[in-house]
């Protein structure tokens, strides 16, 4: 059974650019969540999608957005990149909401220069 | 506002001894707690969880203890093995929620 797949694994972007990250959940999982991991901050929740609808959003600026497609694949977009956006972005999928049960991908390491 | 806190950034333990990782939380609405283990260049992997209606859950070498009155939980690993060396994250969620609140992690090093 394939796990959660995130692409690309590594990305270098210039300040001011935008970036799109992709996440393919485990087959049958309908919930996809995104997290940002930075040193000293742990994992911070970005947003969660279920059946193409955003159900929950963390405390991030509007430059961070996402969407989910009918096949449950999800993308997140960051516009007008800032140096502080450099982080590991993790995607997690689960069959449904609540109670844990989240499986994480290996993440996309974004470096903004 | 960090609702889940892991105050020890790192911990070193001799192989075969007990590792105790601690986690504190501030939100009394949290009803489910999880521990994740993370190796470099990989995503976190689920280790063990506990519901707020319990005070202990055990799975092999791993035991999680929950003290609701103190808003504190701990993960015990006995005996510790070199392969346990990783970053451990404590996480919590509220009823019906669809996101996790994570601590900042504790790096465990098990010395052979």
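Cβ-to-Cβ counts within 10 Å put A:76, B:29 in ascending order as B:29, A:76, the fewest first. Ordering B:99-110, A:8-19, A:77-88 by mean Cβ neighbour count within 10 Å, with the highest value first, yields B:99-110, A:77-88, A:8-19.
Cα convex hull, chain B: 100 Å³ per residue, rounded to a whole number. For chain B, a Gaussian network of Cα nodes joined below 10 Å ranks B:86, B:41, B:97 by mean-square fluctuation, and the top entry is B:41. Taking every DSSP beta bridge that has both ends in chain A, the antiparallel portion is near 90%. Taking 0.36 nm per residue of sequence separation and removing the Cα-Cα distance, the residue A:30/residue A:54 pair yields an extension gain of 7.5 nm.
Note on the range B:69-112: Rg/Rh from C-alpha atoms, Kirkwood Rh, equals 1.08. Footprinting exposure proxy ranking of B:59, B:84, fewest other C-beta atoms within 10 angstrom first, gives B:59, B:84.
Each residue in A:48, B:42 was given a count of other beta-carbon atoms within 10 angstrom of its own, and listing them fewest first yields B:42, A:48. Note on chain A: with a GNM built from Cα contacts shorter than 10 Å, the maximum mean-square fluctuation among A:25, A:39, A:95 falls on A:39. For chain A, averaging the sequence separation of C-alpha pairs within contact (under 8 Å, six or more residues apart) and dividing by the residue count gives a relative contact order of 37 percent.
Projected over all directions and averaged, the alpha-carbon convex hull of chain A occupies 6.6 nm². Between residue B:68 and residue B:17, the simple label model (points 7 Å from Cα in the Cβ direction) yields a spacing of 3.4 nm. For the range B:1-32 versus the range B:49-94, the spacing of their alpha-carbon centroids is 8 Å. In the protein assembly as shown, Rg over Rh equals 0.97, where Rg is the alpha-carbon radius of gyration and Rh the Kirkwood radius from pairwise Cα distances. Computed across the range A:63-113, the Kirkwood radius stands at 12.7 Å (inverse of mean 1/r, all Cα pairs).
How big is the C-alpha Rg of the range A:1-51 next to the rule-of-thumb value 2.2 N^0.38 Å, as a ratio? Spell out each step's value before the answer.
Details: Rg = 13.1 Å, N = 51, 2.2 N^0.38 = 9.8 Å.
Against the empirical 2.2 N^0.38 Å value, I get 1.34 for the range A:1-51.
Bear in mind these aren't lab numbers, they're just calculated from the coordinates by the rules spelled out. All values derive from a computational prediction rather than experimental measurement. Cβ: placed from backbone, ideal geometry, glycine included. Neighbour counts: every protein chain shown.
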